[in-house]
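Only one structure is covered here, and it is reproduced in the block below.
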């Protein structure tokens, strides 16, 4: 049996279904849960105050949970590899256990950790837990390459053997005389303002949120704001995707949750195998992007004159979250109607979203832009029809576009049909483009290439 194992936490801020932590408790007399506030990541995360706020919530919640088990969360700040090796030397640790991740940055960190642990004669182990199926588990039968189309990936993924949930960790001990370190405040890490209505992070809240959703399931197809809202908790690992599948198994949304988690795995395996997918078009587009700064500002500020677009973009700034269907509608508007680079939209989303998962964010933007994995790359979502379909009563629009709160459900999806006098009285902007004209322009552009 090992004397002391350090478990390095990253995007796995939980104690339930945590294979690395569970195995460490079985393998060692003492276990040291470590989180290193990575200065390189913080420098970029400082521009993402919502995600940073959620992270700090999750760390404080994790610390409370570990203390209740007789331990604590050890916190350091700096380079994760250097800080980990320094700690292992100070406490004479025997091993390092880590949950594997899929991003290029995480993969490089894991390789560096493995190298340094080898030098220091430390046992180094990687564990699953970030995805349902490992990102290197499923490849195409014909060429042995990663899947670029979802449906065939789904067919293999759904039947692929899954690991069992990790055993529950009830209690364990830290070695003596180890300094826990403090979790910084948000103000110590960034001066940018956080959205006023973002969800609070943490494992305990993740389970409460999932329980509330499963006990009060609404129809996602009709209400754009009806959702589990579990994506931030999944991103930071406050709950495992396997736990969500297990907890929902006897509910009407089990299949939908499972499929959404497959989409998440799908994009993670793409990034793990094709890291340039994060920045480069997967599929060549047949036209150039426009550069209309004023139109981008109107889109990003929720001032396009299209109520469903404006509601989504304003909700994003207020809450750091929007429903996936709304994400697709506003992304289609930017990339197909305004024909602006999907990378601009992805960057804007990454600033505001709490669940700023690089794989899913880039994957969804490329999908809707026609440069990614969509088998119908030239599809264009009609914002008017989408608005009537997913928000027929207009309640979602009225919640976020206050200027339209007095408009009837009949007129709220197309306020430009009101008289000029009535529209002026609303103080709501004129639409920045004509949907029919720009849709036709897009189709003509595609045909002529």
Assuming residue 147 fulfils every condition listed in (1) buried (at least 18 other Cβ atoms within 10 Å of the Cβ); (2) within 30 Å of residue 37 (Cα to Cα) apart from one, which condition is it? (2)
Every residue from region 157-170 that is in a loop (DSSP other than H, G, I, E, B) and modelled with pLDDT of 95 or more: 158, 159, 160, 161, 162, 163, 164, 165, 166, 167, 169, 170
Quick check on my filter: what residues within region 86-130 are out of contact with any helix residue (DSSP H, G or I) (no Cβ under 7 Å at 6 or more places or on another chain), on the phi > 0 side of the Ramachandran plot and in contact (Cβ under 8 Å) with a residue 40 or more places away in the chain? 92
If we scan region 68-81, do we find a residue that is assigned to a helix (DSSP H, G or I), touching a residue at least 60 places away in the same chain (Cβ under 8 Å) and buried (at least 19 other Cβ atoms within 10 Å of the Cβ)? yes
Looking only at region 171-187, decide whether some residue is part of a loop (DSSP other than H, G, I, E, B), closer than 30 Å to residue 367 by Cβ and within 28 Å of the chain's Cα centre (by Cα). no
Counted residues in region 121-133 being buried (at least 18 other Cβ atoms within 10 Å of the Cβ) and in a loop (DSSP other than H, G, I, E, B) come to 7
Could you check residue 238 against (1) under 24 Å from residue 371 (Cα atoms); (2) in contact with a helix residue (DSSP H, G or I) (Cβ under 7 Å, 6 or more places away or on another chain); (3) not in a helix (DSSP H, G or I) and say which number it fails? (1)
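Rundown of residues vs (1) at pLDDT below 95; (2) surrounded by 19 or more Cβ atoms within 10 Å (Cβ to Cβ); (3) part of a strand (DSSP E or B), yes/no style:
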residue	(1), (2), (3)
17	no, yes, no
24	no, yes, no
33	no, yes, yes
36	no, yes, yes
43	yes, no, no
58	no, yes, no
61	no, yes, no
65	no, yes, no
Note on region 45-56: residues surrounded by fewer than 20 Cβ atoms within 10 Å (Cβ to Cβ) and not in a helix (DSSP H, G or I) are 46, 47
Checklist (1) under 25 Å from residue 6 (Cα atoms); (2) surrounded by 11 or more Cβ atoms within 10 Å (Cβ to Cβ); (3) modelled with pLDDT under 95 applied to residue 190, failing item: (1)
Of all residues making up region 417-435, the number that are within 17 Å of residue 295 (Cβ to Cβ) and surrounded by fewer than 14 Cβ atoms within 10 Å (Cβ to Cβ): 2
Matching helices (runs of 4 or more DSSP H) fully within region 358-449 where at least 3 residues are touching a residue at least 24 places away in the same chain (Cβ under 8 Å) and farther than 30 Å from residue 130 by Cβ: 383-390, 395-400, 435-447
Kindly check whether there is at least one residue in region 241-249 that is outside any helix (DSSP H, G or I), within 20 Å of residue 351 (Cα to Cα), modelled with pLDDT of 95 or more and touching a helix residue (DSSP H, G or I) at 6+ places or on another chain (Cβ under 6 Å). no
Considering only region 303-320, I want to know if a residue exists there that is buried (at least 24 other Cβ atoms within 10 Å of the Cβ) and either assigned by TED's automatic domain parsing to the domain that holds residue 230 or over 30 Å from residue 417 (Cα atoms) (or both). yes
Which ones in region 198-210 are part of a helix (DSSP H, G or I) and either in contact with a helix residue (DSSP H, G or I) (Cβ under 8 Å, 6 or more places away or on another chain) or not assigned by TED's automatic domain parsing to the domain that holds residue 230 (or both)? 203, 204, 205, 206, 209, 210
Determine whether residue 183 is in contact with a strand residue (DSSP E or B) (Cβ under 7 Å, 6 or more places away or on another chain), under 30 Å from residue 349 (Cα atoms) and surrounded by 15 or more Cβ atoms within 10 Å (Cβ to Cβ). yes
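The values are calculated or read from the model by the stated rules, or taken from the named source; none is laboratory data. These figures come from a predicted structure and were not determined experimentally. With ideal geometry, Cβ positions are generated from the backbone for all residues, glycine too; neighbour counts draw on all protein chains shown.
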